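**Q** Attaching a single structure in structure tokens format; questions to follow.
We did not get these values from a lab; they are worked out from the coordinates using the rules stated. Because the structure is predicted, anything quoted here is derived from the model rather than measured. All Cβ positions, glycine included, derive from the backbone under ideal geometry; neighbour counts span all protein chains shown.
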Amino acid sequence: MTTVVSSQDLRHQRLLRRALLLKNSRDFFEKRGVVEIDTPLLTSAPSIDAHIDLIEADKRFLITSPEYAMKRLLAEGFTDCYQLSHVFRAGEISHKHQPEFTLCEWYRLGFSYEEMMEETIDFVSLFVGNLPRSSISYREAFRTYAGLDPYEATLADLIGALKKAGVDPYGGDDRDLLLNQLLAILVEPNLGQGEIQALTYFPSSQAALAKLTVQDGHPVAERFEIYYQGLELGNGYHELADAKEQRARFHEGNLLRKEMGKKILLIDEFFLSALPKLPDCSGVAVGFDRLVMLHLEAANIRDVIPFSWENI
């Protein structure tokens, strides 16, 4: 006799599994001596990113990441820490996006870029199993899957590649925006197929809060993203501790926001004043809901959270 499971029963089963995965995540960090921390969800000076839109609340902003607050704690002398935090980004709705979602973010003192990648893959393995793991540089990935060199290609080359792929390019002469379109359309679908894969060493113009190094004669960011089945799961950095450089990057971000007709944001002076005291560390933010989707083989993020944005 076939047992029929109602949609509500299935939803509850998934939420129970989600609760177990939250517990397993906390166990993962406890075994490694990483302490759970809980920082505020509201800030007067949010992360400055031209391509992320914010949700305002009572003359402040809901955070897009707990990064600044966590690094301030590290600069005070606090130990390795993690946070399972709700974060917020306006307008991001799709089968893999919600304006409110759960992020698992953690920082490790004295961890190299490579050690952070390995630990992130260990964490992802909790959800998808122990699979083969590999890494590919941003440059190598573009050469392999987009058929061009991201450093040597002209703007015309990038636009031509997008048109050839049947995509109407947007962003004008914004090189990074064109590269991001190519990444999403031609590169990402090929990453992490049958394995957990790290995309490494992004262009220096996409460093965000990461340190820079040189690879093959080009300045690159010690930044990585983790992929499985073409889905981007996490974004990690060897963390920048140069306040002057970080201030310049914030100004560049605000200039780009202005060009895009977006609101200029306050620079977090608390964060910048703490940066010179930040010990050498690496950090990563991983989308918890996407991991649950993969674990449950769910097609939509709405299937693995208690209530979607449309139902609250």
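**Q** Using Cα pairs closer than 8 Å and at least 6 residues apart in sequence, work out the relative contact order for the chain, in percent.
**A** Relative contact order for the chain comes out at 23 percent.
**Q** Can you list residues from other chains, or at least 5 along the same chain, whose modelled amide H is less than 5 Å from the amide H of Glu36?
**A** Residues meeting the criterion, in which the H sits 1.01 Å from N, are Tyr82.
**Q** Starting from the amide H of Val220, placed 1.01 Å from N in the peptide plane, find each other amide H under 5 Å away whose residue is 5 or more places distant or on another chain.
**A** Under 5 Å from the amide H of Val220: Thr213, Val214, Gln215.
**Q** Let me ask something else about it. Quote the relative contact order of segment 188-275 in percent (integer), defining contacts as alpha-carbon pairs under 8 Å separated by 6+ residues.
**A** Over segment 188-275, the number comes to 25 percent.
**Q** Projected onto the charge dipole of segment 155-276 (+1 at Lys/Arg Cβ, -1 at Asp/Glu Cβ, origin at the Cα centre), which of Ala198, Gly236, Leu179 gives the Cα projection farthest towards the positive end?
**A** The residue sitting farthest along the positive end of the dipole is Leu179.
**Q** Further, regarding this structure: Between Ser204 and Ala90, how many nm apart are label points set 7 Å from Cα along the C-beta direction?
**A** With each label point 7 Å from Cα toward Cβ, the separation is 3.3 nm.
**Q** For segment 140-185 and segment 45-67, what is the separation of their C-alpha centers, rounded to whole Å?
**A** About 28 Å separates the Cα centre of segment 140-185 from the one of segment 45-67.
**Q** Something else now. With +1 on each Lys and Arg Cβ and -1 on each Asp and Glu Cβ, how big is the dipole of the chain about its Cα centre, in debye rounded to the nearest 20?
**A** Roughly 520 debye, rounded to the nearest 20.
**Q** How do Glu76, Glu114, Glu225 rank when sorted from fewest to most other Cβ atoms within 10 Å of their own Cβ?
**A** Neighbour counts put them in this order, fewest first: Glu76, Glu114, Glu225.
**Q** Okay, moving on. Please turn the phi angles of segment 66-72 into ³J(HN,Hα) values with the Karplus equation 6.51 cos²θ - 1.76 cosθ + 1.60 (θ = phi - 60°), one per residue in order, whole Hz, x for glycine and proline.
**A** Going residue by residue, I get x, 4, 4, 5, 5, 5, 4 Hz, with x marking Gly and Pro.
**Q** Could you work out the relative contact order of segment 111-187, using alpha carbon pairs under 8 angstrom and six or more residues apart, expressed as a whole percent?
**A** Relative contact order comes out at 24 percent.
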